[in-house]
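Take a look at the structure set out below.
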Amino acid sequence: TGQEAQSRISAAEDLSALEALRVEYLGKQGSISGLLKTLGKMTPEERQEKAPAIQALRQSVTDAITARKAELEAAELEARLATETLDLTLPAPQAPQGSVHPVSQVMDELAEIFADLGFAVATGPEIEDDWYNFTALNMPESHPARAMHDTFYFPDTAPKGGKMLLRTHTSPVQVRTMLAEGAPLRIIAPGRVYRSDSDATHTPMFHQIEGLVIDKGIHLGHLKWTLETFLKAFFETEDIVLRLRPSYFPFTEPSVEVDVGFAIENGKRILGGSGDEAGHGWMELLGSGMVNRRVIEMSGLDPDEWQGFAFGVGVDRLAMLKYGMDDLRAFFDGDTRWLNHYGFSP
Ligand code: PHE
(Lines give C-alpha, C1' and ligand atoms only; values in the text may rest on other atoms or scores of the structure.)
Protein backbone atom coordinates (compact mmCIF):
# COMPACT_ATOMS: atom_id res chain seq x y z
CA THR A 1 0.00 0.00 0.00
CA GLY A 2 3.01 2.34 0.43
CA GLN A 3 3.75 2.05 -3.30
CA GLU A 4 0.15 2.65 -4.21
CA ALA A 5 -0.09 5.76 -1.98
CA GLN A 6 3.10 7.16 -3.53
CA SER A 7 1.84 6.79 -7.07
CA ARG A 8 -1.61 8.18 -6.30
CA ILE A 9 -0.03 11.21 -4.62
CA SER A 10 2.32 11.98 -7.49
CA ALA A 11 -0.60 11.61 -9.89
CA ALA A 12 -2.78 14.15 -8.00
CA GLU A 13 -3.67 16.77 -10.60
CA ASP A 14 -4.39 19.73 -8.40
CA LEU A 15 -4.25 20.97 -4.83
CA SER A 16 -7.79 19.94 -3.96
CA ALA A 17 -7.23 16.35 -5.20
CA LEU A 18 -4.06 16.28 -3.11
CA GLU A 19 -5.91 17.53 -0.04
CA ALA A 20 -8.50 14.74 -0.52
CA LEU A 21 -5.66 12.18 -0.49
CA ARG A 22 -4.15 13.71 2.64
CA VAL A 23 -7.48 13.35 4.43
CA GLU A 24 -7.83 9.78 3.14
CA TYR A 25 -4.44 8.73 4.57
CA LEU A 26 -3.61 11.07 7.41
CA GLY A 27 -6.93 12.61 8.46
CA LYS A 28 -8.61 11.63 11.77
CA GLN A 29 -10.46 8.81 10.04
CA GLY A 30 -7.57 8.19 7.62
CA SER A 31 -6.21 4.71 6.93
CA ILE A 32 -2.71 5.39 8.26
CA SER A 33 -4.18 7.05 11.34
CA GLY A 34 -6.23 3.84 11.72
CA LEU A 35 -3.05 1.72 11.60
CA LEU A 36 -1.44 3.92 14.26
CA LYS A 37 -4.42 3.39 16.53
CA THR A 38 -4.02 -0.39 16.34
CA LEU A 39 -0.58 -0.02 17.96
CA GLY A 40 -2.28 0.80 21.25
CA LYS A 41 -3.97 -2.59 21.44
CA MET A 42 -0.81 -4.56 20.79
CA THR A 43 1.49 -6.26 23.27
CA PRO A 44 4.78 -4.44 23.76
CA GLU A 45 6.65 -7.07 21.72
CA GLU A 46 4.24 -6.86 18.85
CA ARG A 47 4.30 -3.08 18.95
CA GLN A 48 8.08 -3.03 18.83
CA GLU A 49 7.96 -5.20 15.77
CA LYS A 50 5.22 -3.37 13.81
CA ALA A 51 5.61 0.27 14.87
CA PRO A 52 8.70 1.20 12.79
CA ALA A 53 7.03 0.15 9.53
CA ILE A 54 3.84 2.12 10.28
CA GLN A 55 5.81 5.19 11.35
CA ALA A 56 7.92 4.95 8.22
CA LEU A 57 4.80 4.67 6.07
CA ARG A 58 3.32 7.74 7.69
CA GLN A 59 6.56 9.65 7.17
CA SER A 60 6.89 8.68 3.53
CA VAL A 61 3.28 9.59 2.75
CA THR A 62 3.68 12.94 4.55
CA ASP A 63 6.87 13.65 2.60
CA ALA A 64 5.24 12.70 -0.69
CA ILE A 65 2.31 15.01 -0.05
CA THR A 66 4.61 17.92 0.89
CA ALA A 67 6.70 17.40 -2.24
CA ARG A 68 3.68 17.16 -4.55
CA LYS A 69 2.16 20.22 -2.95
CA ALA A 70 5.28 22.25 -3.73
CA GLU A 71 5.20 20.99 -7.34
CA LEU A 72 1.53 21.90 -7.83
CA GLU A 73 1.98 25.34 -6.29
CA ALA A 74 4.97 26.08 -8.52
CA ALA A 75 2.98 25.00 -11.57
CA GLU A 76 0.08 27.19 -10.55
CA LEU A 77 2.41 30.21 -10.19
CA GLU A 78 3.97 29.43 -13.57
CA ALA A 79 0.53 29.40 -15.18
CA ARG A 80 -0.49 32.65 -13.55
CA LEU A 81 2.70 34.42 -14.60
CA ALA A 82 2.18 33.20 -18.16
CA THR A 83 -1.29 34.77 -18.37
CA GLU A 84 -0.20 38.00 -16.65
CA THR A 85 2.62 38.82 -19.03
CA LEU A 86 2.90 42.59 -19.63
CA ASP A 87 3.39 43.86 -23.13
CA LEU A 88 5.72 46.77 -22.50
CA THR A 89 5.60 47.80 -26.15
CA LEU A 90 1.92 48.82 -25.88
CA PRO A 91 1.46 52.63 -25.87
CA ALA A 92 0.66 53.91 -22.36
CA PRO A 93 -2.56 55.88 -21.85
CA GLN A 94 -1.78 59.60 -22.12
CA ALA A 95 -1.79 61.28 -18.72
CA PRO A 96 -3.52 64.66 -18.88
CA GLN A 97 -0.95 67.46 -18.77
CA GLY A 98 -1.34 70.81 -17.08
CA SER A 99 -0.45 74.22 -18.44
CA VAL A 100 0.64 77.46 -16.83
CA HIS A 101 -2.36 79.54 -15.74
CA PRO A 102 -2.70 82.90 -17.54
CA VAL A 103 -2.16 84.75 -14.26
CA SER A 104 1.08 82.90 -13.55
CA GLN A 105 2.10 83.38 -17.16
CA VAL A 106 1.63 87.15 -16.92
CA MET A 107 3.48 87.34 -13.59
CA ASP A 108 6.40 85.39 -15.07
CA GLU A 109 6.49 87.66 -18.13
CA LEU A 110 6.41 90.80 -15.99
CA ALA A 111 9.16 89.49 -13.71
CA GLU A 112 11.31 88.97 -16.81
CA ILE A 113 10.55 92.38 -18.30
CA PHE A 114 11.32 94.14 -15.03
CA ALA A 115 14.44 92.05 -14.44
CA ASP A 116 15.80 93.60 -17.65
CA LEU A 117 15.19 97.03 -16.09
CA GLY A 118 17.06 96.04 -12.93
CA PHE A 119 14.07 95.27 -10.69
CA ALA A 120 14.25 92.45 -8.15
CA VAL A 121 11.19 90.50 -7.00
CA ALA A 122 10.02 91.12 -3.42
CA THR A 123 7.22 89.43 -1.47
CA GLY A 124 5.12 90.00 1.63
CA PRO A 125 2.44 88.11 3.56
CA GLU A 126 -1.17 87.86 2.37
CA ILE A 127 -2.32 87.86 6.02
CA GLU A 128 -1.13 91.32 6.85
CA ASP A 129 -0.91 93.66 9.81
CA ASP A 130 -3.25 96.65 9.63
CA TRP A 131 -0.20 98.86 10.16
CA TYR A 132 1.56 97.80 6.94
CA ASN A 133 -1.61 97.66 4.85
CA PHE A 134 -2.94 101.05 5.96
CA THR A 135 -1.24 103.05 8.71
CA ALA A 136 2.28 103.08 7.27
CA LEU A 137 0.77 103.94 3.89
CA ASN A 138 -0.53 107.20 5.34
CA MET A 139 -4.00 105.85 6.12
CA PRO A 140 -4.31 106.17 9.90
CA GLU A 141 -7.31 104.69 11.69
CA SER A 142 -10.54 106.34 10.58
CA HIS A 143 -8.95 107.57 7.34
CA PRO A 144 -11.84 107.62 4.80
CA ALA A 145 -9.75 105.83 2.14
CA ARG A 146 -9.80 102.71 4.31
CA ALA A 147 -13.53 102.36 3.70
CA MET A 148 -12.94 102.07 -0.05
CA HIS A 149 -10.97 98.86 0.32
CA ASP A 150 -13.79 96.47 1.42
CA THR A 151 -11.35 94.79 3.75
CA PHE A 152 -11.58 91.25 5.12
CA TYR A 153 -10.57 91.55 8.77
CA PHE A 154 -9.59 88.86 11.26
CA PRO A 155 -11.10 89.05 14.74
CA ASP A 156 -7.77 89.12 16.63
CA THR A 157 -5.72 92.19 17.32
CA ALA A 158 -2.59 92.81 15.26
CA PRO A 159 0.82 93.21 16.94
CA LYS A 160 1.01 96.86 15.87
CA GLY A 161 -2.57 97.65 16.93
CA GLY A 162 -5.70 97.48 14.80
CA LYS A 163 -6.63 94.08 13.39
CA MET A 164 -4.99 91.51 11.17
CA LEU A 165 -6.47 91.47 7.66
CA LEU A 166 -6.13 89.99 4.19
CA ARG A 167 -4.02 92.57 2.39
CA THR A 168 -6.15 94.72 0.09
CA HIS A 169 -3.22 95.64 -2.16
CA THR A 170 0.46 94.83 -2.65
CA SER A 171 1.49 98.30 -1.41
CA PRO A 172 2.39 97.05 2.12
CA VAL A 173 5.34 95.28 0.44
CA GLN A 174 6.73 98.78 -0.32
CA VAL A 175 6.98 99.50 3.40
CA ARG A 176 8.26 96.04 4.34
CA THR A 177 11.00 96.17 1.72
CA MET A 178 12.16 99.69 2.59
CA LEU A 179 12.29 98.74 6.28
CA ALA A 180 14.16 95.52 5.56
CA GLU A 181 16.55 96.68 2.85
CA GLY A 182 16.78 100.46 3.00
CA ALA A 183 17.60 102.45 -0.13
CA PRO A 184 18.23 102.57 -3.05
CA LEU A 185 15.61 100.06 -4.20
CA ARG A 186 14.14 98.77 -7.42
CA ILE A 187 11.54 96.05 -6.83
CA ILE A 188 8.34 94.56 -8.10
CA ALA A 189 6.04 92.66 -5.73
CA PRO A 190 3.57 90.31 -7.41
CA GLY A 191 0.89 88.54 -5.38
CA ARG A 192 -2.66 87.88 -4.31
CA VAL A 193 -4.81 90.59 -2.78
CA TYR A 194 -8.33 90.46 -1.33
CA ARG A 195 -11.39 92.67 -1.32
CA SER A 196 -14.98 91.84 -0.51
CA ASP A 197 -16.29 92.44 -4.01
CA SER A 198 -17.62 90.21 -6.82
CA ASP A 199 -18.96 90.74 -10.35
CA ALA A 200 -17.76 90.17 -13.93
CA THR A 201 -14.71 92.37 -13.39
CA HIS A 202 -14.15 91.89 -9.65
CA THR A 203 -13.34 88.75 -7.66
CA PRO A 204 -12.76 88.68 -3.87
CA MET A 205 -9.22 87.50 -4.57
CA PHE A 206 -7.21 88.98 -7.41
CA HIS A 207 -3.61 89.70 -8.32
CA GLN A 208 -1.50 92.82 -8.36
CA ILE A 209 2.05 93.73 -9.15
CA GLU A 210 3.51 96.54 -7.15
CA GLY A 211 6.46 98.48 -8.49
CA LEU A 212 8.74 100.61 -6.33
CA VAL A 213 11.84 102.65 -7.13
CA ILE A 214 13.62 104.56 -4.37
CA ASP A 215 16.72 106.52 -5.24
CA LYS A 216 18.03 110.09 -5.44
CA GLY A 217 16.47 112.57 -7.85
CA ILE A 218 13.66 110.30 -9.02
CA HIS A 219 10.79 112.17 -10.72
CA LEU A 220 7.55 111.59 -12.64
CA GLY A 221 9.44 111.29 -15.94
CA HIS A 222 11.11 108.11 -14.65
CA LEU A 223 7.69 106.72 -13.77
CA LYS A 224 6.22 107.50 -17.18
CA TRP A 225 9.20 106.02 -19.05
CA THR A 226 9.14 102.86 -16.91
CA LEU A 227 5.42 102.31 -17.46
CA GLU A 228 5.67 102.91 -21.22
CA THR A 229 8.65 100.59 -21.53
CA PHE A 230 7.06 97.75 -19.61
CA LEU A 231 3.69 98.04 -21.37
CA LYS A 232 5.31 98.03 -24.83
CA ALA A 233 7.33 94.97 -23.92
CA PHE A 234 4.33 93.22 -22.34
CA PHE A 235 1.88 93.89 -25.19
CA GLU A 236 4.63 93.44 -27.80
CA THR A 237 3.84 96.66 -29.63
CA GLU A 238 5.32 100.15 -29.93
CA ASP A 239 1.79 101.49 -30.41
CA ILE A 240 0.98 102.19 -26.76
CA VAL A 241 -0.41 105.62 -25.86
CA LEU A 242 -0.73 106.45 -22.18
CA ARG A 243 -2.80 109.13 -20.54
CA LEU A 244 -1.71 110.26 -17.08
CA ARG A 245 -4.57 111.64 -15.00
CA PRO A 246 -4.20 113.44 -11.68
CA SER A 247 -5.67 111.28 -8.95
CA TYR A 248 -5.47 110.61 -5.24
CA PHE A 249 -3.87 107.86 -3.20
CA PRO A 250 -2.88 108.57 0.41
CA PHE A 251 0.53 106.94 -0.14
CA THR A 252 1.57 108.88 -3.24
CA GLU A 253 1.89 112.61 -3.87
CA PRO A 254 1.26 113.54 -6.58
CA SER A 255 -0.88 110.56 -7.59
CA VAL A 256 -1.41 109.55 -11.17
CA GLU A 257 -3.92 107.22 -12.70
CA VAL A 258 -2.77 105.77 -15.99
CA ASP A 259 -5.10 104.99 -18.89
CA VAL A 260 -4.17 103.26 -22.11
CA GLY A 261 -5.73 104.05 -25.51
CA PHE A 262 -7.59 101.32 -27.39
CA ALA A 263 -9.58 100.85 -30.57
CA ILE A 264 -12.64 98.66 -31.01
CA GLU A 265 -12.42 96.07 -33.77
CA ASN A 266 -15.18 93.48 -34.23
CA GLY A 267 -16.49 94.29 -30.79
CA LYS A 268 -13.07 93.63 -29.21
CA ARG A 269 -10.76 96.12 -27.58
CA ILE A 270 -7.43 96.33 -29.37
CA LEU A 271 -4.68 98.27 -27.60
CA GLY A 272 -3.10 101.09 -29.52
CA GLY A 273 -3.56 104.68 -30.62
CA SER A 274 -4.83 107.61 -28.62
CA GLY A 275 -8.09 107.05 -26.85
CA ASP A 276 -9.25 110.44 -28.15
CA GLU A 277 -9.40 109.29 -31.80
CA ALA A 278 -12.82 108.55 -33.27
CA GLY A 279 -13.96 105.02 -32.39
CA HIS A 280 -11.30 104.80 -29.67
CA GLY A 281 -11.43 104.96 -25.89
CA TRP A 282 -9.32 105.11 -22.74
CA MET A 283 -9.09 102.24 -20.35
CA GLU A 284 -7.92 102.64 -16.76
CA LEU A 285 -4.88 100.46 -16.26
CA LEU A 286 -3.13 101.25 -13.00
CA GLY A 287 -2.57 103.57 -10.09
CA SER A 288 0.76 105.22 -9.42
CA GLY A 289 2.54 108.29 -8.17
CA MET A 290 5.57 109.66 -6.35
CA VAL A 291 5.92 107.93 -2.98
CA ASN A 292 4.51 110.21 -0.28
CA ARG A 293 7.28 111.51 1.98
CA ARG A 294 5.32 110.40 5.03
CA VAL A 295 5.48 106.81 3.74
CA ILE A 296 9.23 107.12 3.17
CA GLU A 297 9.56 108.42 6.71
CA MET A 298 7.46 105.65 8.28
CA SER A 299 9.57 103.17 6.29
CA GLY A 300 12.67 104.36 8.10
CA LEU A 301 14.22 106.54 5.38
CA ASP A 302 14.93 110.27 5.18
CA PRO A 303 12.55 111.77 2.58
CA ASP A 304 14.92 114.70 2.01
CA GLU A 305 17.52 112.23 0.83
CA TRP A 306 15.40 109.57 -0.90
CA GLN A 307 12.53 109.91 -3.34
CA GLY A 308 10.79 107.44 -5.55
CA PHE A 309 7.78 106.35 -7.50
CA ALA A 310 5.38 103.45 -7.05
CA PHE A 311 2.68 101.84 -9.10
CA GLY A 312 0.15 99.04 -8.64
CA VAL A 313 -1.34 97.17 -11.56
CA GLY A 314 -3.95 94.41 -11.73
CA VAL A 315 -2.37 91.28 -13.16
CA ASP A 316 -5.72 89.72 -14.03
CA ARG A 317 -6.70 92.83 -15.93
CA LEU A 318 -3.45 92.72 -17.90
CA ALA A 319 -4.12 89.07 -18.75
CA MET A 320 -7.69 89.85 -19.88
CA LEU A 321 -6.38 92.60 -22.15
CA LYS A 322 -3.56 90.55 -23.62
CA TYR A 323 -5.57 87.39 -24.28
CA GLY A 324 -8.98 88.95 -25.02
CA MET A 325 -10.72 87.34 -22.03
CA ASP A 326 -13.84 89.05 -20.79
CA ASP A 327 -15.01 87.43 -17.54
CA LEU A 328 -12.64 87.70 -14.61
CA ARG A 329 -14.52 85.07 -12.60
CA ALA A 330 -13.63 82.41 -15.19
CA PHE A 331 -9.97 82.86 -14.15
CA PHE A 332 -10.63 81.09 -10.89
CA ASP A 333 -13.23 78.47 -11.88
CA GLY A 334 -10.57 75.90 -12.76
CA ASP A 335 -12.45 74.90 -15.93
CA THR A 336 -9.86 73.57 -18.38
CA ARG A 337 -12.24 74.12 -21.33
CA TRP A 338 -11.97 77.86 -20.72
CA LEU A 339 -8.18 77.64 -20.59
CA ASN A 340 -8.09 75.59 -23.80
CA HIS A 341 -10.34 78.09 -25.54
CA TYR A 342 -7.76 80.81 -24.96
CA GLY A 343 -4.89 78.60 -26.04
CA PHE A 344 -3.68 77.60 -22.57
CA SER A 345 -3.37 73.93 -23.43
CA PRO A 346 -0.20 71.93 -23.06
N1 PHE B 1 -2.39 100.22 -4.09
C2 PHE B 1 -3.19 100.92 -5.06
C3 PHE B 1 -4.47 100.13 -5.32
O4 PHE B 1 -4.53 98.96 -5.01
C5 PHE B 1 -2.48 101.11 -6.36
C6 PHE B 1 -1.26 101.97 -6.23
C7 PHE B 1 -0.03 101.41 -5.98
C8 PHE B 1 -1.36 103.37 -6.35
C9 PHE B 1 1.10 102.22 -5.86
C10 PHE B 1 -0.27 104.16 -6.26
C11 PHE B 1 0.97 103.59 -6.01
O12 PHE B 1 -5.43 100.66 -5.82
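The values are calculated or read from the model by the stated rules, or taken from the named source; none is laboratory data. Note that the structure is predicted; figures quoted are calculated from it, not measured. Using ideal geometry, Cβ is built from the backbone for each residue, glycine included, and neighbour counts are taken over all protein chains shown. Just so you know, the surface numbers come from the protein's heavy atoms only, side chains and all, with ligands and any DNA or RNA stripped out. Shrake-Rupley method; radii C 1.70, N 1.55, O 1.52, S 1.80 Å.
Points worth noting:
- The stretch 30-51 - residue that is under 21 Å from T66 (Cβ atoms) and open to solvent by 60 Å² or more (accessible area, probe 1.4 Å) and, of those, farthest from the chain's Cα centre (by Cα): L35
- Looking across the stretch 256-269, the residues that are surrounded by 16 or more Cβ atoms within 10 Å (Cβ to Cβ) and either under 16 Å from F235 (Cα atoms) or not acidic (D, E) (or both) come down to V256, V258, D259, V260, G261, F262, A263, R269.
- Exclusive hit being within 14 Å of the ligand (Cβ to nearest atom), within 20 Å of the chain's Cα centre (by Cα), of a type in the set (A, V, I, L, M) and outside any loop (DSSP other than H, G, I, E, B), set V213, V175, V193: V193
- Residue in the stretch 159-169 that is closer than 15 Å to N292 by Cβ and within 13 Å of the ligand (Cβ to nearest atom) present: yes
- Any hit, the stretch 197-206, residues being in contact (Cβ under 8 Å) with a residue 60 or more places away in the chain, out of contact with any Gly (no Cβ under 8 Å at 6 or more places or on another chain) and buried (at least 16 other Cβ atoms within 10 Å of the Cβ): yes
- Of all residues in the stretch 292-305, those being in contact (Cβ under 8 Å) with a residue 60 or more places away in the chain and surrounded by fewer than 21 Cβ atoms within 10 Å (Cβ to Cβ) number 5.
- Test set (1) open to solvent by 60 Å² or more (accessible area, probe 1.4 Å); (2) under 17 Å from Q3 (Cα atoms); (3) at pLDDT 90 or above - L21 fails condition number: (1)
- Residue count for the stretch 174-188, restricted to those that are β-branched (V, I, T) and within 16 Å of A111 (Cα to Cα): 2
- Count - residues of the stretch 318-346 that are in contact with a helix residue (DSSP H, G or I) (Cβ under 8 Å, 6 or more places away or on another chain) and open to solvent by 50 Å² or more (accessible area, probe 1.4 Å): 6
- Test for L227: is it modelled with pLDDT under 95 and within 16 Å of the ligand (Cβ to nearest atom): no
- Top-ranked residue of the stretch 145-172 - restricted to ones that are within 26 Å of L301 (Cα to Cα), outside any loop (DSSP other than H, G, I, E, B) and over 27 Å from the mean Cα position of the chain (by Cα), ranked as modelled with the highest pLDDT: K163
- Scanning the stretch 1-14 for residues that are part of a helix (DSSP H, G or I), of a type in the set (A, V, I, L, M, F, W, C) and surrounded by 13 or more Cβ atoms within 10 Å (Cβ to Cβ) returns A5, I9.
- Verdict on L137 being open to solvent by 50 Å² or more (accessible area, probe 1.4 Å) and either touching a residue at least 40 places away in the same chain (Cβ under 8 Å) or within 30 Å of R337 (Cα to Cα) (or both): no
- Sole exception among (1) more than 30 Å from E13 (Cα to Cα); (2) exposed (fewer than 10 other Cβ atoms within 10 Å of the Cβ); (3) of a type outside the set (D, E, K, R) for G98, by number: (2)
- Residue within the stretch 234-245 that is in a helix (DSSP H, G or I) and either under 30 Å from D302 (Cβ atoms) or open to solvent by less than 60 Å² (accessible area, probe 1.4 Å) (or both) present: yes
- For G221: the one exception among (1) within 16 Å of the ligand (Cβ to nearest atom); (2) outside any strand (DSSP E or B): (1)
- Every residue from the stretch 230-257 that is farther than 26 Å from Y323 by Cβ and within 12 Å of the ligand (Cβ to nearest atom): S247, Y248, F249, P250, F251, T252, E253, P254, S255, V256
- Check on E109, under 23 Å from the mean Cα position of the chain (by Cα) and open to solvent by 30 Å² or more (accessible area, probe 1.4 Å): yes
- When residues of the stretch 70-115 are limited to those that are part of a loop (DSSP other than H, G, I, E, B) and in contact (Cβ under 8 Å) with a residue 12 or more places away in the chain, the one farthest from A17 (Cα to Cα): H101
- Of the criteria (1) part of a loop (DSSP other than H, G, I, E, B); (2) away from the ligand (no atom under 13 Å from the Cβ); (3) within 18 Å of G287 (Cα to Cα), which one A183 fails: (3)
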